[in-house]
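**Q** Quick one: this structure, given as structure tokens, is what I'll be asking you about.
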């Protein structure tokens, strides 16, 4: 019997695994590019991650295989606040499954889905373009004071 990916609401006992995923994706994507004030803000990233997960755990959905978290998605209204997949599980459909799940829920009350990525993140930009998202706005990254450009993407839902 083979296991299959499932998506469920996050539980408090998932927080450690989700924290590991968020920190791993931060280390893989963001950390190598941070300079100046961004480096200072990055130092407290593990604490920020735990605070975020503890606050929103009931609103986060987790992709699991054999009940082991491989990725997570969190949205508020029509805005996807976070989509992260463990580096070891990337390229295996986990992110696509999480995004499709979120879109099925968001379309019940909204005609679009929006999210942000950064100009340097070529991998995420290609992923979202493949899934039908279009750039609608660019602005400076203020959350991290990184000097990067944040890109707002949108996709109409039917």
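No value in this document is a laboratory result; all are computed from the given coordinates. Just so we're clear, the structure is a prediction, and the values are computed from it rather than from any experiment. Ideal geometry is used to build each Cβ from the backbone, glycine not excepted, and the neighbour counts take in all protein chains shown.
**Q** Calculate, for residue 24 and residue 104, the FRET efficiency according to 1/(1 + (r/R0)^6) with r their C-beta to C-beta distance and R0 35 Å; round to the nearest 0.05.
**A** 0.85
**Q** Checking the a/c ratio against 1.5 first, then a/b against b/c, what shape does the Cα gyration tensor give for the chain?
**A** oblate
**Q** Provide the gained length on full extension for the span residue 12 to residue 51, in nm with one decimal, where the gain is 0.36 nm per separating residue minus the Cα-Cα distance.
**A** 12.8 nm
**Q** Which residues among region 139-158 fall inside the zone where the amide N is under 11 Å from a point 7 Å beyond the Cα of residue 131, along Cα→Cβ?
**A** Under 11 Å, as judged by backbone N against the label point of residue 131, lie 155 of region 139-158.
**Q** Using Cα-Cα distances under 8 Å and only pairs 6 or more residues apart, what relative contact order does the chain have, in percent?
**A** Computed value for the chain: 22 percent relative contact order.
**Q** Here's another thing I want to ask about it. Take the alpha-carbon centre of region 97-158, take the same for region 54-75, and report the distance between them in whole Å.
**A** 19
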